[in-house]
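Data block below; observations after.
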Amino acid sequence: MSAPVGDNTRSLIKRDASSVWHPFTQQSLWPSDDPIVVDRAEGMYFWDTDGNRYLDGVSSLWVNVHGHGVPEINAAIAQQLDRLDHTTFLGLTHEPGIALAERLLDTAPAGLSKVFYAGDGSSAVEAALKMAYQAHVQRGQVRPLYLHVAEGYHGDTLGSVSVGGIDLFHEKYQPLLLTTAMVSSPGLIEPGQSRKDRATEVLHEMRSLLQESGEQVSAVVIEPLVQAAGGMLTHDVSFVQGVRQLCDEFDVLLICDEVATGIGRTGRMWAVEHAGIRPDMITCGKGVTGGYLPLSAVLVAEPVYEAFLGSATSGRTFYHGHSYTANPLSCAAAIANLDLMSERDTVAHAAAVGERIRDSLVPLAAHSGVKEIRQIGTMTGIEVESVMDRTGFAVCQEARRNGVWVRPLGDVVVLMPPLAIENSDLDLLTSVVSDAVDSVVR
Ligand SMILES: Cc1ncc(COP(=O)(O)O)c(C=O)c1O
């Protein structure tokens with residue numbers, strides 16, 4: 001149960017409301033939604049300014065890997081800070097940036113051979129889209145179209161919005177966007193339809209589009225295996241495999257956006273491993289630094305990279321980058337995160353976490369207020385019946401009263417704990433959320 005709100009908290013909320021604009025937030029409701037003011041965090045938990053403790057059930061929006069305040073990552077950042085805070089990556093390089101690229105490529109499917117750094121997930125997608133277009137131009141083909149998937153989400157910059165497919169987030173910007181063609185979501189299954197049949201259906205759609213205008217398409221962009229922000233919409237591996245085949249057939253580049261699914265989230269280091277395919281580009285972000293600092297990257301296949309090589313005057317340079325590209329502190333955090341992941345076999349642990357989540361939620365799946373539970377690895381969406389305005393939010397508020405912080409996507413309650421969560425905390429997460437669903441959606 002939450003303690004009464006103290007004066008300090010009240011004053012911070014008031015100051016927040018008068019000077020801050022929060023992402024993805026209806027500001028007119030925000031102060032009355034009783035915001036949590038976070039004070040500190042440790043392990044799987046964070047505490048508010050009134051001393052209440054909450055289990056971080058969504059990994060601080062899908063980024064956290066080993067928990068908060070991990071001594072090894074703290075030490076790596078501190079050591080790096082003593083040595084080099086930041087220098088540009090334009091015309092300079094540094095060991096953390098080099099070492100992290102090597103580490104990421106060691107984990108990636110064979111054939112991905114270069115790392116281009118960006119800042120957040122959206123900026124990695126933005127870079128990948130431009131790379132795909134420019135690579136084709138430099139092979140003599142102008143291909144201004146992208147092919148993408150309904151219910152997809154790739155970030156909030158205009159390029160990534162162009163390849164998104166969630167009306168609530170994206171429709172308003174339509175007049176501003178790149179030209180794209182969109183197929184249906186392989187994760188929206190008709191009653192009685194198998195996921196495999198749905199995948200086949202959407203692949204047919206994609207084939208028709210490519211037959212019509214494949215010569216115009218630079219890249220197909222997908223979230224492999226799960227459309228996360230679309231509501232944890234999972235699809236069959238045959239979809240990912242089929243998209244790879246179509247891209248090969250029509251000479252189109254395949255961008256797999258693993259910003260959400262990468263770095264172990266699905267119980268494999270990369271979701272594409274489930275499908276056994278190699279994309280031309282993987283975008284990653286979120287968990288790369290263990291959830292500490294912003295850093296994202298595009299992992300690129302050699303032929304794409306080679307399309308950019310030429311003389312200084314060839315015009316083939318990729319004129320794209322950011323002030324904080326490959327920030328050394330972010331790189332140090334990421335290397336420490338990947339070290340810990342291999343020492344502790346965190347990816348296998350995440351797979352086991354996924355199995356325990358699935359088993360624990362079996363009773364909830366049979367609840368009359370639950371439409372469907374979709375899950376892969378640590379990524380879980382519980383779609384509840386809409387019984388009121390903001391039902392998903394009401395479930396999360398109820399869980400919060402019992403010490404668990406989760407966040408909905410509409411009426412899909414998302415559970416996505418840090419990969420390293422142990423059984424006792426995981427059981428708390430699933431039981432509190434199950435009870436919250438039961439008490440809100442009767
Ligand atoms: C698949 C995917 N791509 C891109 C993004 C955007 O990442 P960021 O919020 O770091 O810009 C997200 C964020 O949730 C995502 O899930």
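Brief remarks follow.
- Trypsin sites (Lys or Arg not before Pro) restricted to region 93-163 and DSSP loop, no more than 14 other C-beta within 10 Å: Arg139
- Taking the helices alone, the chain has a mean residue ellipticity at 222 nm of -12000 deg cm²/dmol, built from -39,500 (n - 2.57) per DSSP H run of at least 4 residues and averaged over all its residues.
- Equivalent ellipsoid of region 71-344: semi-axes from √(5λ) of the C-alpha gyration tensor, largest first, are 31, 22, 16 Å.
- Ligands, DNA and RNA are left out, and with a 1.4 angstrom probe the accessible area of region 164-286 is 39 Å² per residue.
- Positive dipole terminus of region 83-232, leading residue within Val161, Ala150, Pro224 (C-beta point charges): Pro224
- Whole-number percent relative contact order across region 78-200, with pairs defined as alpha carbons under 8 Å at least 6 apart: 16 percent
- Alpha carbon centroid spacing (whole Å) that separates region 318-359 from region 36-77: 16 Å
- Straightening the chain between Ser208 and Ser113 buys 31.0 nm, computed as 0.36 nm per residue apart minus the Cα-Cα spacing.
- Thr317 paired with Asp339, simple spin-label distance in nm, labels 7 Å along Cα-to-beta-carbon: 3.5 nm
- Over region 185-236, relative contact order from alpha-carbon pairs under 8 Å, at least 6 apart, %: 45 percent
- Cut-off 17 Å (backbone N to label point 7 Å along Cα→Cβ of Asp197), residues of region 370-385: none
- With all protein chains kept in place, the per residue accessible area of region 369-442 amounts to 36 square angstrom at a probe of 1.4 angstrom.
- Within the accessible area of the chain (1.4 Å probe), percent carbon and sulfur: 52 percent
- The mean accessible area for residues of region 1-136, using a 1.4 Å probe and ignoring ligands and nucleic acids, is 53 Å² per residue.
- The chain: relative contact order in percent, alpha carbon pairs under 8 Å with at least 6 residues between: 20 percent
- Stretched out straight at 0.36 nm per residue, the stretch from Glu385 to Ala352 would grow longer than its current Cα-Cα span by 9.0 nm.
- Extension gain for the segment Ser424 to Leu158, taken as residue separation times 0.36 nm less the Cα-Cα distance, is 91.6 nm to one decimal.
- In the elastic network of the chain, a GNM with C-alpha springs shorter than 10 Å, the most mobile of Arg83, Arg195, Arg53 is Arg83.
- Shape summary: region 305-375 maps onto an equivalent ellipsoid whose semi-axes, from the alpha-carbon gyration tensor, are 45, 21, 12 Å in decreasing order.
- Taken about its Cα centre, the chain carries a charge dipole of about 440 debye when Lys and Arg each add +1 at the Cβ and Asp and Glu each add -1 at the Cβ.
- Links that overshoot a 28 Å alpha carbon limit, given the list Lys196/Lys371; Lys14/Lys172; Lys172/Lys196: Lys14/Lys172; Lys172/Lys196
- Reducing region 201-233 and region 380-410 to their Cα centroids gives an inter-centroid distance of 30 Å.
- Model label zone, Glu249; criterion: amide N under 11 Å from point 7 Å along Cα-to-beta-carbon; scope region 173-204: 203-204
- Per-residue accessible area (protein heavy atoms, 1.4 Å probe) orders Met416, Met388 as Met388, Met416, starting from the largest.
- For the pair region 418-442 / region 94-139, the C-alpha centres are spaced 36 Å from each other.
The values are calculated or read from the model by the stated rules, or taken from the named source; none is laboratory data. Everything numeric in this text was worked out from a predicted model, so none of it was measured. Neighbour counts run over all protein chains shown; Cβ positions are idealised from the backbone, glycine included. Ligands, DNA and RNA are stripped out before the accessible areas are found, and what is left, the full protein with its side chains, is counted by its heavy atoms. Shrake-Rupley method; radii C 1.70, N 1.55, O 1.52, S 1.80 Å.
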